[in-house]
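What follows is a set of notes on a single structure, which appears directly below.
What follows draws every value from the coordinates through simple rules; no lab data is involved. Please read all numbers here as calculations on a predicted model, not as lab measurements. Note: ideal-geometry Cβ built from the backbone for every residue, glycine included; neighbour counts use all protein chains shown.
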Amino acid sequence: MDESVMGSSKLGLTLTVNGERYELRVAPWVTLLDLLREQLHLTGSKKGCDHGQCGACTILVDGTRVNSCLILAVASDGRDVMTIEGVGGTGLHPLQDSFIERDAFQCGYCTPGQICSAIGLLKEGHAHSRAEIREQMSGNICRCGAYINIVDAIEDVMGQEAIDHHKAAAE
């Protein structure tokens, strides 16, 4: 909508994205995905279906995986947002390494959402088997069909985290 028709209807918003704090003004109908892509130029999160059905827009908000196309930007006021651009910090996240090692992507369009969703899945701790990984990742569609490799990559990292946890407990 044209702002001249609607008047000055932008709202103030403060959020932290990938460790950087932003103070922004957005129209109340702007989604978090559009804010990230259009205002902050973080284009790793993809707009696939724009209805929350494909998972291409999955990011982490306060550590929880969300479909950013379904969240209004103003609802993220004061929140901590992590996109694929912030996942590895200065290097690659173990899941990114595992996705490369396992060839868990083909065209790459869904990969940012798959990785962010997998990070959330590991943090949630609900998946303990291949079947549970598949179920917990079912909101992320890969049109290329790399599902077996995606599950392999997640399972590898999940197994390594378990080994690291046991080692730390033994020390």
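Of note:
- For the chain, a Gaussian network of Cα nodes joined below 10 Å ranks GLN114, GLN39, GLN53 by mean-square fluctuation, and the top entry is GLN39.
- Listed residues PRO28, PRO94, PRO112, most fluctuating in the chain (Gaussian network, C-alpha, under 10 Å): PRO28
- Candidates GLY78, GLY52, GLY113, ranked by Gaussian network fluctuation over the chain, Cα under 10 Å, top entry: GLY78
- Among GLN106, ILE154, PRO94 the positive-end extreme of the charge dipole of region 94-170 (Cβ point charges): GLN106
- Multiplying the residue separation of LYS10 and GLU132 by 0.36 nm and removing their Cα-Cα distance gives an extension gain of 39.7 nm.
- Kirkwood-type radius of region 3-87, with distances r between different C-alpha atoms, in Å: 12.9
- Fewest-first sequence of LEU32, LEU72, LEU60 by Cβ atoms within 10 Å of each Cβ: LEU72, LEU60, LEU32
- LEU72 long-range amide H proximity, modeled H, under 5 Å: LEU32
- Placing +1 on the Cβ of every Lys and Arg and -1 on the Cβ of every Asp and Glu, with nothing else charged, gives region 87-171 a dipole about its Cα centre of roughly 280 debye.
- Relative contact order, percent, region 38-171 [alpha-carbon distance under 8 Å, six or more residues apart]: 27
- If only the Cβ of Lys and Arg carry +1 and only the Cβ of Asp and Glu carry -1, the dipole of the chain around its Cα centre is close to 340 debye.
- Cβ-based exposure ranking for LEU33, LEU42, in which fewest neighbours within 10 Å come first: LEU42, LEU33
- Assuming charge only on the beta carbon of Lys and Arg (+1) and of Asp and Glu (-1), the dipole of region 3-87 about its Cα centre is about 120 debye to the nearest 20.
- Intensity falloff of region 94-170 expressed as log10 I(q)/I(0), Debye formula with alpha-carbon point scatterers, at q = 0.11, 0.13, 0.14, 0.26 Å⁻¹: -0.25, -0.35, -0.40, -1.29
- Principal axis dimensions, the chain - Cα atoms, whole angstrom, descending: 60, 39, 26
- FRET efficiency, 1/(1 + (r/R0)^6) with R0 22 Å, evaluated for ALA75 and ASP50 via beta carbons: 0.85
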